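Here the structure comes first, spelled out in structure tokens, and everything after it is commentary.
Bear in mind these aren't lab numbers, they're just calculated from the coordinates by the rules spelled out. Given the structure is predicted, the values throughout are model-derived calculations rather than measurements. Backbone-built Cβ (ideal geometry, glycine too); neighbour counts: all protein chains shown.
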Amino acid sequence: MKIYPTENNYDELYKMLCKIKLYNKREGTTMNRLGFPTHKGAVFGMVKAKFKGIIELSYYSRKYPKIYEEIQRIGKLICPFPFTMIQVNHNLVCPKHRDKNNKNESILVSFGEYTGGLIVIEGIEYNAYHTPIQFDGVTQEHWNTIHEGNKYSLVFYS
């Protein structure tokens, strides 16, 4: 487990994200991951188009290029490895899980106006508030604790 303390680089992105509408990923639908509660989220970066079968820039990256630029700027500051995708979550409290499709390790960082919401990796709690946490989501079981307030998180991965 690697932890990368950083200064506050998230204020501008927080303001930008508060102004847009993210997907409402409803529990039990194909827009949401199995077992995850209803939450808001989006993928930025390069994704495989569902119906075209090609790799392309995600819908949100094209719709909000300034936000994508800001996420990329942050990623270059905190990620020690190349990444192609960034999952943006809003107020997600995820259940215990392992990631299936990630190719390498992930970096998670959170920001906003909230309390609680720790990331638990293999039973150990970490505070990702403004502090990027690197872990292997494929092999390491992870989840979040409950939080109060307005929380965003970024997960950088390939």
Worksheet item: Over the chain, what is the relative contact order in whole percent, taking alpha-carbon pairs under 8 Å and six or more residues apart?
Response: 28 percent
Worksheet item: Can you work out ³J(HN,Hα) from phi for every residue in segment 140-151, in order, using Karplus 6.51 cos²θ - 1.76 cosθ + 1.60 and θ = phi - 60°, giving whole Hz and x for Gly and Pro?
Response: 9, 5, 8, 6, 10, 8, 5, 10, 10, x, 10, 10
Discussion item. Test of understanding: express the Cα radius of gyration of the chain as a ratio to 2.2 N^0.38 Å, with N the residue count.
Written reply: 0.97
Worksheet item: How far is it, in nm, from the label point at Phe81 to the one at Lys50 when both lie 7 Å from their Cα along the line to the Cβ?
Response: 2.8 nm
Worksheet item: Quick one: if you stick a label point 7 Å off each Cα along the C-beta vector at Lys21 and Thr115, how many nm between them?
Response: 3.2 nm
Worksheet, complete the sentence: Nearest-0.05 FRET efficiency for Arg73 and Glu141 at R0 = 41 Å, using Cβ-Cβ distance, is 0.85
Discussion item. So if each residue of separation counts as 0.36 nm, and I subtract the Cα-Cα distance between His97 and Tyr14, what length gain in nm does that give?
Written reply: 27.2 nm
